[in-house]
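Engineer: Can you keep this structure in mind? I'll have questions shortly.
The values are calculated or read from the model by the stated rules, or taken from the named source; none is laboratory data. A quick note: this is a predicted structure, and the numbers were derived from the prediction, not measured. Neighbour counts are summed over all protein chains in view; Cβ atoms, including those assigned to glycine, are modelled from backbone coordinates with ideal geometry.
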Amino acid sequence: MPPLENNEQILYTARKHWFILAGESVVLVVLAIIPSIFLFAPYLIPRELLQVISETVHLQGNFFLIVLFLWSLLLIILWIIFTLLWTDYYLDVWFVTNFRIIAIEQIGLFNRKISTFRLDMIQDATVKVPGVLSTLIGFGTVEVSTASNGSFRMKGVANPNTLKEKIMEEHHRIQGEKQEVSIKSPVDEHTERF
């Protein structure tokens, strides 16, 4: 939870879509399953290939135990990689508050980038939903441009149109409040007192 200013409330929380994590995890699952062929279905592998592997690596002893040991090491490494992917997925988040947007990007385990930009400084918000799959599942990229010529981008966000609408709704609310304040002049306030 990011530190909030006085009277600031979180109105919307945006995270990456679950499909992003699933897409990255499919490769890990495939890499975890492939060695099981050596263990549980060695008859599917041609004998010539097994013989070449045996001669190249110079395996001595029980082939089953060696493959099981290597597979266990691979599973541990894949689990660590999955933990890193999940951490990046879960800790990348945008908070839309009634005053600003807080963008938190997790980079690895011990590196976090937190950016904030005020809603009244927003110039434009753009949604990009590339392809049929992202349209059907409902994820895309939201890019917000600020008055300082900077832009902030969140890729793979779930419900990008809802995020953009919430940002623009709060932006218009802030702009309306600024106009109301600037319309009242000190002369008008002085005449109202008498």
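Engineer: Can you find, within the stretch 151-173, the residue that is surrounded by the fewest Cβ atoms within 10 Å (Cβ to Cβ) among those that are in a strand (DSSP E or B) and of a type outside the set (Lys, Arg)?
Structural biologist: Ser151
Engineer: What's the number of the only condition in (1) under 30 Å from Lys164 (Cβ atoms); (2) not in a loop (DSSP other than H, G, I, E, B) that Met1 fails to meet?
Structural biologist: (2)
Engineer: Can you confirm whether Lys164 is at pLDDT 90 or above and out of contact with any helix residue (DSSP H, G or I) (no Cβ under 8 Å at 6 or more places or on another chain)?
Structural biologist: For Lys164, the condition - at pLDDT 90 or above and out of contact with any helix residue (DSSP H, G or I) (no Cβ under 8 Å at 6 or more places or on another chain) - is met.
Engineer: I've got another one for you. Six or more apart or on different chains, Cβ atoms under 7 Å: show the pairs whose first residue is in the stretch 36-63 and within 20 Å of Leu75 (Cα to Cα) and whose second is at pLDDT 70 or above and loosely packed, with under 10 Cβ neighbours inside 10 Å.
Structural biologist: Pairs that qualify, where the first residue is within 20 Å of Leu75 (Cα to Cα) and the partner is at pLDDT 70 or above and loosely packed, with under 10 Cβ neighbours inside 10 Å, are Ile37/Leu44.
Engineer: Would you be able to tell me the number of residues in the stretch 167-188 that are at pLDDT 80 or above and either within 17 Å of Val129 (Cα to Cα) or among the aliphatic types (A, V, I, L, M) (or both)?
Structural biologist: Adding up the residues that qualify gives 3.
Engineer: Please find, within the stretch 79-102, the residue that is nearest to Gly156 (Cα to Cα) out of those that are surrounded by fewer than 15 Cβ atoms within 10 Å (Cβ to Cβ), without any contact (Cβ under 8 Å) to a residue 60 or more places away in the chain and not aliphatic (A, V, I, L, M).
Structural biologist: Looking at the filtered set, the residue picked out is Thr87.
Engineer: I need the full set of residues from the stretch 121-150 which are within 30 Å of Leu84 (Cα to Cα) and outside any strand (DSSP E or B), in order please.
Structural biologist: Passing the criteria: Val129, Pro130, Gly131, Val132, Leu133, Ser134, Thr135, Leu136, Ile137, Gly138, Gly150.
Engineer: Further question on the same structure: Please go through (1) closer than 30 Å to Phe40 by Cα; (2) at pLDDT 85 or above for Phe99 and return the number of the only condition it doesn't satisfy.
Structural biologist: (1)
Engineer: Which residue, of Thr126, Thr135, Thr141, is without any contact (Cβ under 8 Å) to a residue 12 or more places away in the chain, within 30 Å of Ala22 (Cβ to Cβ) and of a type outside the set (Asp, Glu)?
Structural biologist: Thr135
Engineer: For residues that are among the aliphatic types (A, V, I, L, M) and touching a helix residue (DSSP H, G or I) at 6+ places or on another chain (Cβ under 6 Å), scanning just the stretch 110-156, find the one that is nearest to Ala14 (Cα to Cα).
Structural biologist: Among them, the one singled out is Val142.
Engineer: Take Ile10 and decide whether it is modelled with pLDDT of 90 or more and loosely packed, with under 12 Cβ neighbours inside 10 Å.
Structural biologist: no
To keep it simple, each residue is scored yes or no on (1) surrounded by 12 or more Cβ atoms within 10 Å (Cβ to Cβ); (2) among the aromatic types (Phe, Trp, Tyr); (3) on the phi > 0 side of the Ramachandran plot.
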residue	(1), (2), (3)
Thr56	no, no, no
Phe110	no, yes, no
Thr126	yes, no, no
Phe139	yes, yes, no
Thr146	yes, no, no
